[in-house]
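First the structure, in the form of structure tokens, and then the observations on it.
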Amino acid sequence: MASWEPVIGLEIHVHLKTRTKMFCRCPVEYAAVPNSNTCPVCLAFPGALPVPNRRAIEDCVKLGLALDCAVAERAVFHRKNYFYPDNPKAYQISQYDEPLCVDGGLTVPTADGEERIGIVRAHLEEDAAKNVHVAASGRIHGATATLVDFNRCGTPLVEIVTAPDIHSADTAKRFLQLLRQTIVELDVSDAELEKGSMRFDVNVSVRPAGSDELRTRTELKNMNSFNFAAKGIEREIARQIRIYEEGGTVDQETLHFDPTNEDSPPLRSKEEAQDYRYFPEPDLVPVHTPRDVVERLRGEIGELPGTRIRRIADTLAFYDADVLVTGGLDQLWAKLVHEGVDPKEAANVLANDFAATGGNPNDVNPAEFAKLIKARPTITRDAFSRGVATSFSGSFVAGVFTEQKAVSDVAELDPVIDRILAANAGQADAYRGGKEGLLGFFVGQVMKETGGKADPRVVSERLREKLGPSTPA
Ligand SMILES: [Zn+2]
């Protein structure tokens, strides 16, 4: 059987965090009253003229620089003509053959090196309005009406297009996570997938391994989470391989996913080659970005997440470094380590316990949090969990939780342990017969019995002593 290589390219749209829209002074606000942020420019009244948003241009340049792109001396806005209810001008102002940022790349660190994913371009454009389908599913099929909210119309977007350099669903996911964290740290967008301020489409094709041909690709749209995207890509790769191995051909088509139901199969539609009749926007002059502005923006870029992953991976395992940085937790981690917390322990607490709380790491007082983590082995599990859950509130004081000492007194624990061993004699025999994993079951029983107050290390020590060796028959 031939082996196949997936070829994946991404197209990412990011909403910029500007105060006003791309070509008018309407505010950019998420979840405002529908159609409250509109004006003659973004509603396309005849004669209304666009004025570009300087901040949006600078944000796009900054993002381009962080993606190692060249900033064009001259960029041109074009009209992309198409008719749709969300597009009142019947064209979108976008950039076509002279985009603002070109020829970059983002290096994605991996456990055994790194992969550089080419960035073909990063350009500016305006978003369309939002069609709201009135139906239980929120999808166009089965809708009884479609309403248009023009608040989003004309808001600034950066479109980032990668080269088809990605060869696995996992790399696609890791690239997107790293890109998102880079964008968030540049402070040009909040890049929140749930809010739609970061959206992406994925192109997928497969080819015989070792060849460099590009076969027919399909496009996956409406991806709303990184895991969902990875799952969709895996399925699509498998589907295409199956078609080729059965002697068939892959059709060029678009797969629309239902973001509200990850398990429902995608709707398919044939992709027709649209002619957008691009031509330069006559109401706007070309964008010239002075070199000193480019250099000022370059100077504003701090150490990028990809670089930090590699640096932190010198101290921690690669996986831990990756989770900390892409989760926006590494700065707090560094402060905890500075406060004397063991690096691995700090990483575990942040990635497992803290991340689950949804707390903002910037709101944590590292000195107090460090006290809680250092006291962990001596306090009850419950006190530790409650401490982590409140660590990001302004009033957090570790002492409230570190005083709740775990019971490590053997005289107090032994009767409970004996009772549990007696009540579960079958399990105890199984443990002695080689099922060592049952130790966790017994520890859990004792913890339950003591209301989470027992010191689990002492409990497992006593259990091992009382149960004796675990040897397979
Ligand atoms: Zn407006």
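The values are calculated or read from the model by the stated rules, or taken from the named source; none is laboratory data. All figures in this text were calculated on a predicted structure; none of them were measured in a lab. Note: ideal-geometry Cβ built from the backbone for every residue, glycine included; neighbour counts use all protein chains shown.
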Evaluation of GLU281 against (1) charged (D, E, K, R); (2) surrounded by fewer than 17 Cβ atoms within 10 Å (Cβ to Cβ); (3) at pLDDT 95 or above (one fails), failing number: (2)
Which condition number does ALA90 fail, the rest of (1) farther than 28 Å from THR146 by Cβ; (2) more than 16 Å from the ligand (Cβ to nearest atom) being met? (1)
Lone unmet requirement of (1) in contact (Cβ under 8 Å) with a residue 60 or more places away in the chain; (2) surrounded by fewer than 17 Cβ atoms within 10 Å (Cβ to Cβ) for LYS80: (2)
What's the total number of residues in region 411-422 that are surrounded by fewer than 12 Cβ atoms within 10 Å (Cβ to Cβ) and hydrophobic (A, V, I, L, M, F, W, C)? 2
Somewhere in region 102-125, is a residue more than 30 Å from the chain's Cα centre (by Cα), in a strand (DSSP E or B) and either among the small types (Gly, Ala, Ser) or modelled with pLDDT of 95 or more (or both)? no
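Residue by residue through region 386-435, note down the ones that are among the aromatic types (Phe, Trp, Tyr) and under 35 Å from the mean Cα position of the chain (by Cα).
Across region 386-435, the qualifying residues are PHE392, PHE396, PHE401.
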List the number of the failed condition for ALA383; all other conditions in (1) more than 30 Å from GLU368 (Cα to Cα); (2) crowded, with 18+ Cβ neighbours inside 10 Å hold. (1)
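Kindly indicate which of ALA172, ALA229, ALA238, ALA209 is in contact (Cβ under 8 Å) with a residue 40 or more places away in the chain and more than 29 Å from TYR82 (Cβ to Cβ).
ALA209
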In region 374-396, residue modelled with the highest pLDDT [restricted to those that are within 20 Å of ASP342 (Cβ to Cβ) and outside any helix (DSSP H, G or I)]: SER391
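Here's the yes/no breakdown for (1) part of a loop (DSSP other than H, G, I, E, B); (2) of a type in the set (Asp, Glu); (3) crowded, with 18+ Cβ neighbours inside 10 Å:
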site	(1), (2), (3)
ILE8	no, no, yes
VAL41	yes, no, yes
ALA44	yes, no, no
PRO85	yes, no, no
Going by what's in this entry, would VAL148 be described as of a type in the set (A, V, I, L, M) and either assigned to a loop (DSSP other than H, G, I, E, B) or within 16 Å of the ligand (Cβ to nearest atom) (or both)? yes
Of those in region 161-179 that are touching a strand residue (DSSP E or B) at 6+ places or on another chain (Cβ under 6 Å) and of a type in the set (Gly, Ala, Ser), the residue surrounded by the fewest Cβ atoms within 10 Å (Cβ to Cβ) is ALA163
Scan of region 284-319 for residues that are more than 28 Å from the chain's Cα centre (by Cα), surrounded by 13 or more Cβ atoms within 10 Å (Cβ to Cβ) and not in a helix (DSSP H, G or I), ordered by number: LEU284, PRO286, VAL287, THR289
Might you check whether a residue that is within 30 Å of ASP363 (Cα to Cα) and surrounded by fewer than 16 Cβ atoms within 10 Å (Cβ to Cβ) occurs anywhere in region 431-440? no
Unique residue being away from the ligand (no atom under 16 Å from the Cβ), of a type in the set (S, T, N, Q) and assigned by TED's automatic domain parsing to the domain that holds TYR30 when the list is THR155, THR162: THR162
Among the residues of region 18-50, write down those that are more than 7 Å from the ligand (Cβ to nearest atom), touching a residue at least 24 places away in the same chain (Cβ under 8 Å) and closer than 25 Å to ILE183 by Cα. THR18, ARG19, THR20, MET22, PHE23, VAL28, GLU29, TYR30, ALA32
